[in-house]
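Novice: Got a structure for you, questions after.
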Amino acid sequence: MHPLDVLRVQWQGAWASALALWSRFTKLSEPRWCLDPGEDMREGLSDSFAMIRLHDQAVVVSLWQIANKQLEKFAVEVLAHEIGHHIYVPGNLLEHGRMLARMRRGLPEREQYAPLIANLYADLLINDRLQRQAGLDMLGVYRALRVPEQRPLWKLYLRTYEILWSQPRGTLAELPLEASLEADAGLAARLVRSFARDWLDG
């Protein structure tokens, strides 16, 4: 059996566990498993190795990218994260639209960045819940994904996780850390915790 076929069987076996972490009543069809770049393209998957399409609730996972990034052992983490977009943030297209509208108002002259910021905000909320409440190793996922020469926004994003999960500086975010970035990461972490139940207000 081809290694990617073996990986697909393993990840198929993790799907039920990932669903159960959110609710035993969660109903989603099995993910679309992509085994090559062409299948990624046909499913509309770009700039990531996994996603959920809110318009049809289809989870798409690029198994060839999972293998390349050495994320094979994080099946439940990756799948539970995508389910979180369906169950928690944003949940549906209506709430997603509301979130984007609020972010656009808060980004005068930079409205085009609202989708990116919305996705990072949603990921922070989902991953913090999965790490702390579900006991998943989301920290391990980001350790595996760590890349050198981090851009400032990505460094801010990773430093926020370090604060949320009480990790030493440099665990995820590349050092050195500017004082302004440290302050912004602290604010982001407080925002995630304070508005975990009312994320749209956050």
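The values are calculated or read from the model by the stated rules, or taken from the named source; none is laboratory data. Quick caveat, the model's predicted, so the values are computed rather than measured. Every residue, glycine among them, receives a Cβ derived from its backbone with ideal geometry; neighbour counts consider all protein chains shown. All accessible areas refer to the heavy atoms of the entire protein, side chains included, with ligands and DNA or RNA removed. Shrake-Rupley method; radii C 1.70, N 1.55, O 1.52, S 1.80 Å.
Novice: Does Leu191 qualify as being under 15 Å from the mean Cα position of the chain (by Cα), in a helix (DSSP H, G or I) and modelled with pLDDT of 95 or more?
Specialist: Numbers: under 15 Å from the mean Cα position of the chain (by Cα): no; in a helix (DSSP H, G or I): yes; modelled with pLDDT of 95 or more: yes.
No; evaluated as a whole, the condition is false for this residue.
Listed here are the residues, each with its yes/no results for (1) open to solvent by less than 60 Å² (accessible area, probe 1.4 Å); (2) farther than 17 Å from Asn127 by Cα; (3) more than 16 Å from the chain's Cα centre (by Cα); (4) among the charged types (D, E, K, R).
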{"position": "His2", "(1), (2), (3), (4)": "no, yes, yes, no"}
{"position": "Arg8", "(1), (2), (3), (4)": "no, yes, yes, yes"}
{"position": "Ala18", "(1), (2), (3), (4)": "yes, no, no, no"}
{"position": "Trp22", "(1), (2), (3), (4)": "yes, no, no, no"}
{"position": "Met41", "(1), (2), (3), (4)": "no, yes, yes, no"}
{"position": "Asp47", "(1), (2), (3), (4)": "no, yes, no, yes"}
{"position": "Ala58", "(1), (2), (3), (4)": "yes, yes, no, no"}
{"position": "Trp64", "(1), (2), (3), (4)": "no, yes, yes, no"}
{"position": "Ala75", "(1), (2), (3), (4)": "yes, no, no, no"}
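Novice: Which residue is most open to solvent (accessible area, probe 1.4 Å), if the candidates are limited to the range 128-167 and must be at pLDDT 95 or above and of a type in the set (Asp, Glu)?
Specialist: Asp137
Novice: Conditions: (1) free of Cβ contacts under 8 Å to residues at least 24 places away in the same chain; (2) part of a helix (DSSP H, G or I). Ser48 meets all but one. Number of the miss?
Specialist: Unmet condition: (2).
Novice: Please enumerate the residues belonging to the range 168-181 that are part of a helix (DSSP H, G or I) and surrounded by fewer than 16 Cβ atoms within 10 Å (Cβ to Cβ). Write out each step before concluding.
Specialist: Pass one, the range 168-181, residues part of a helix (DSSP H, G or I): 179-181.
If the condition is that a residue be part of a helix (DSSP H, G or I) and surrounded by fewer than 16 Cβ atoms within 10 Å (Cβ to Cβ), then Ala179, Ser180 are the ones that fit.
Novice: Considering only the range 61-72, I want to know if a residue exists there that is among the hydroxyl-bearing types (Ser, Thr, Tyr) and not in a loop (DSSP other than H, G, I, E, B).
Specialist: Filtering the range 61-72 down to residues among the hydroxyl-bearing types (Ser, Thr, Tyr) leaves 62.
Cutting the leftovers down to not in a loop (DSSP other than H, G, I, E, B) gives us 62.
Checked the range 61-72: at least one residue is among the hydroxyl-bearing types (Ser, Thr, Tyr) and not in a loop (DSSP other than H, G, I, E, B).
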